[in-house]
Amino acid sequence: MSKRATNWLLGAAGLAVLIGLPILGNWARRDAQPRCALDGARIAPLFRIRVVDGQGQWHLFCCIDCAELWLKRQTEKPRAIFVTDEVNGQDIAVETAHFVRSLVAAPTGNGGRVHAFGQVADAERHAQAFHGTILTDRAKPFSEVR
Ligand SMILES: [Zn+2]
């Protein structure tokens with residue numbers, strides 16, 4: 001191979017790396033799991049909490065405890081809070097969710113034991129199976145910030 005052809009090949013390879021790395025970086029970030037806005041922990045989809053702040057910005061949290069801690073530091077009331085139904089992974093407005101404190105720790109770093117359900121029957125089933133208590137009134141998560 002001539003020196004000129006070798007130089008051309010090296011240049012083309014360098015160009016491919018220059019163009020390819022940012023594309024690869026974007027692809028890797030796109031597939032990365034979202035992180036908790038409070039502690040940076042990975043968010044398990046079934047335990048995700050979404051908070052819409054007073055400015056309309058979304059914030060994701062890994063668990064109820066993180067979202068509550070973060071909300072206590074805010075000066076404005078949130079516009080909305082959504083928890084995730086542990087049974088089917090769907091978002092539930094916090095006002096309509098049923099919460100159970102049980103012996104089962106959520107798979108998040110801090111080991112929270114409060115679980116969210118969309119259906120009261122699912123909450124009762126979890127409470128019965130895992131020695132839980134259905135939370136009411138002020139015992140419910142986020143009752144201080146709503
Ligand atoms: Zn967190």
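The values are calculated or read from the model by the stated rules, or taken from the named source; none is laboratory data. Remember, it's a predicted structure, so these values are computed and weren't measured experimentally. Here the Cβ is made from the backbone with ideal geometry for all residues, glycine too, and neighbour counts use every protein chain on show. Side chains are part of the model used for accessible areas, which takes the heavy atoms of the whole protein and leaves out ligands, DNA and RNA. Shrake-Rupley method; radii C 1.70, N 1.55, O 1.52, S 1.80 Å.
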- Net dipole in debye of the range 26-146 [+1 Lys, Arg Cβ; -1 Asp, Glu Cβ; about Cα centre; nearest 20]: 300
- Message: Using protein chains only and a probe of 1.4 angstrom, how many square angstrom of H131 are accessible, to the nearest 10?
- Response: 140
- Dipole magnitude of the range 47-96 about its Cα centre (Cβ charges: Lys, Arg +1; Asp, Glu -1), debye to nearest 20: 220
- Would you kindly find the accessible area of F130, with a 1.4 Å probe and non-protein molecules such as ligands, DNA and RNA excluded, rounding to the nearest 10 Å²? 90
- Dimensionless Rg ratio for the range 28-95, taking C-alpha atoms and the 2.2 N^0.38 Å reference: 1.08
- Item | Theoretical gain in end-to-end length, Q33 to Q128 [0.36 nm per residue, Cα-Cα removed] | 31.0 nm
